[in-house]
1. How do the peptides 37-44, 63-70 rank, highest first, by the average count of neighbouring beta carbon atoms within 10 Å per residue?
2. Sorting 80, 155 on the 10 Å Cβ count, fewest up front, what's the list?
3. Return the Rg/Rh ratio of the stretch 21-174 with Cα-based radii and a Kirkwood Rh.
4. Taking 0.36 nm per residue of separation and subtracting the Cα-Cα distance, what length does fully extending residue 184 through residue 98 add?
5. Taking 7 Å along the Cα-to-C-beta vector as the label spot, tell me the residue 114-residue 202 distance in nanometres, rounded to one decimal.
6. Among 48/184; 41/184; 184/228; 86/162; 195/228, which pairs are too far apart, with a Cα-Cα distance over 20 Å?
7. Which FRET efficiency, nearest 0.05, do residue 124 and residue 45 yield, Cβ-Cβ r, R0 22 Å?
8. Counting only residues 5 or more places away or on other chains, whose amide H sits under 5 Å from the amide H of residue 80 once H atoms are built in the peptide plane?
Amino acid sequence: MLHSQIRKLAISLALFVLLGAATARGQGYKLPNGDVYDAFKADGVVDKIAGGYMDMLVGDKRILVSLSQAKINEVFGQFRLDRELKFQLDIEATAEPDYLARGQLVSFSAELDARHTIHGELQSLAIILPSENSKPGVTPAGATSLVVGEVNSHRNGVLSIKTVNEQGRPLAISAKLADGAIIKAHVVDLSLVKKGDVVHVTGFNVPANKAGGKTAALGEVVSFELAKSLGKGKPGAAKKPDSKEGKVADADGKPDAAKPQPAMPVANGDPRPTGPIPGFDQTPAAAPAATPQAAPSGAPGATPEPSAAPDGEHRKGSRILINDYFSIDRDQGFDFDSRPGK
């Protein structure tokens, strides 16, 4: 009897592995349904970007890249993986001094005395995104200290920074920017990305049967280098971040956090944030219940298909028109292309 129970347990475990776990292929995965998402890494330039998708050019090769956690969850969300898959976006640009504004988080190195007074002028400064590794504080590093804090004001080249001291108590620091100081800004507003900007993508190749005849990839870690600097009345003028979490904005410039997407469960040893994932089931999702088939268009009793396109989109048959450049074919799932004459 014990032998029979052990055999049943072994069969159950085998079925669980077969149905619920993806097989790692290097940095890619083979899913239980047979689809293979091999590792993808490429450097190129932006050609078009809209609606959470991007056309990037790598030499003379065009690659369609998705830019959302939702797409990652759609592909991998129902399977157990050996690590967390979390969409990460970083947009880097140089910035003019007038881009600095109240509420931004900044980081710089400076020589401080015992009263936390800065000696000299700042030659460089970075505007950074809030994270677990970039909390306000003063960290001694040899002859200088690393300061992370929030801009309280910026007048006549002098910054007032709110931070905390080594004991965690509130601290105000004043810092003067040197003429020609180098300012690097890190933002998450995709509306700032333009054609010709440099892009680096790490993610997964989309199988040919899922890519609608295109070369496509799921972006997991995507970073852009903007050709134009920020500030001086140019697009991307300084504004206070939407929240302490640094909401990701879609290609229309609106935050994507209105419908937050859960990250994948994290594996032990992964340095990225961990925690419970509300509403996320690590076992394969049950197949959706069958729905009655509508009568063909024009057939007796048929009713017009209601339009359910999101705001800013227009439906044309099975195709959702994002704008004058892109459309997504709901039947193909992943595909979008340029419309004729555009």
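All of the numbers you see were taken from the coordinates with simple rules; none came from a lab. Source: prediction; values computed, not measured. Reconstructed Cβ throughout: ideal geometry from the backbone, glycine too, with neighbour counts over all protein chains shown.
1. The most tightly packed comes first, giving 63-70, 37-44.
2. Ordered by Cβ neighbours within 10 Å, fewest first: 155, 80.
3. 1.12
4. 29.7 nm
5. 4.5 nm
6. With Cα atoms farther than 20 Å apart: 48/184; 41/184; 86/162.
7. FRET efficiency, residue 124 to residue 45: 0.25.
8. Distant-sequence amide H within range of residue 80: 21, 22.
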